[in-house]
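Undergrad: I have a structure I would like to understand better, so I am pasting it below and will then ask my questions one at a time.
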Amino acid sequence: MEPIRETGLSDHLEELRKRILISLVAVGVLTIVSFFLSDVFIYILSLPIKARVATLYFFSPYEAFMVKLRVALTGGIVLGMPVIVSQLWQFVSPALYQNEKKWALPLAVVMSGFFLAGVLFAFYEVLPPALGFFLLFSIAAGLRFVSAALLAKLEDLPVSQGDLEPNPPHD
């Protein structure tokens, strides 16, 4: 049995601050890495919409950058999740009894499996019909295009630029 170490509030807050800083640095570094990989992420995230919309458009000069930045930040958080969870565990585990700690690994494996199953179910089974449903409204309204940022807000997952070509000015 481990000896129980008494700590004060200031020690807990210092430990929490340390764990949060490590997590934020990890997310920041992985967001930068994700920014360089964001075209791959955007391609994968745009797969459910590719069959229904030929081209996605950006309607403002900064919209493409913001979509790429949102994908990078989401990628940084997702890729940084192991660091975040490990920091959370290192903060919480000293307060747990040994019999409580023994359930942590099996529980983490099961929860990760369920999370991954939910993500895959949403991506392959829920998202395509949901996007089709929402696109019916835009087509009924006479809109034959989809803004990448609008779609990003709809599902909180940005989509690809598609084949972007500047539109000629109308005379």
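Undergrad: Out of Tyr62, Tyr97, I need the residue that is within 30 Å of Phe137 (Cβ to Cβ), without any contact (Cβ under 8 Å) to a residue 12 or more places away in the chain and surrounded by fewer than 13 Cβ atoms within 10 Å (Cβ to Cβ). Which one?
TA: Matching residue, one of Tyr62, Tyr97: Tyr62.
Undergrad: On to the next question. Name the residue, out of Thr31, Thr55, that is at pLDDT below 95 and of a type in the set (Ser, Thr, Tyr).
TA: Within the list Thr31, Thr55, the selection yields Thr55.
Undergrad: OK, next. Hey, among the residues in region 48-91 that are of a type in the set (D, E, K, R) and part of a helix (DSSP H, G or I), which one's farthest from Val29 (Cα to Cα)? It would help to see each step written out before you state the result.
TA: Initial filter on region 48-91 (of a type in the set (D, E, K, R)): 50, 52, 63, 68, 70.
Keeping just the survivors that are part of a helix (DSSP H, G or I) gives 50, 63, 68, 70.
On the way: Lys50: 31, Glu63: 23, Lys68: 16, Arg70: 15 Å.
Among them, the one singled out is Lys50.
Undergrad: Yes or no: Phe121 within 25 Å of Ile20 (Cβ to Cβ), part of a helix (DSSP H, G or I) and under 20 Å from the mean Cα position of the chain (by Cα)?
TA: No.
Undergrad: Which condition number in (1) farther than 26 Å from Gly8 by Cβ; (2) at pLDDT below 90 is the one that Phe114 fails?
TA: So the condition that Phe114 fails would be (2).
Undergrad: Within region 8-35, how many residues turn out to be over 24 Å from the mean Cα position of the chain (by Cα) and open to solvent by less than 40 Å² (accessible area, probe 1.4 Å)?
TA: Counting residues in region 8-35 that are over 24 Å from the mean Cα position of the chain (by Cα) and open to solvent by less than 40 Å² (accessible area, probe 1.4 Å) gives 1.
Undergrad: Another question, then. Could you say whether any residue in region 36-54 is open to solvent by 70 Å² or more (accessible area, probe 1.4 Å), aromatic (Phe, Trp, Tyr) and farther than 30 Å from Glu125 by Cβ? Steps first, please.
TA: Within region 36-54, the first condition is being open to solvent by 70 Å² or more (accessible area, probe 1.4 Å), and the residues that meet it are 36-37, 39-40, 43-44, 47, 50-52, 54.
In the following step, the residues that additionally are aromatic (Phe, Trp, Tyr) were identified as 36, 43.
Narrowing further to those that are farther than 30 Å from Glu125 by Cβ: 36.
Looking for residues that are open to solvent by 70 Å² or more (accessible area, probe 1.4 Å), aromatic (Phe, Trp, Tyr) and farther than 30 Å from Glu125 by Cβ, one finds at least one in region 36-54, hence yes.
The values are calculated or read from the model by the stated rules, or taken from the named source; none is laboratory data. None of the values given here were measured: they were computed from a predicted structure. Methodologically, a virtual Cβ is constructed for each residue, glycine included, from the backbone with ideal geometry; neighbour enumeration extends over all protein chains shown. Calculation scope for accessible area: heavy atoms of the full protein, side chains included, ligands and nucleic acids excluded. Shrake-Rupley method; radii C 1.70, N 1.55, O 1.52, S 1.80 Å.
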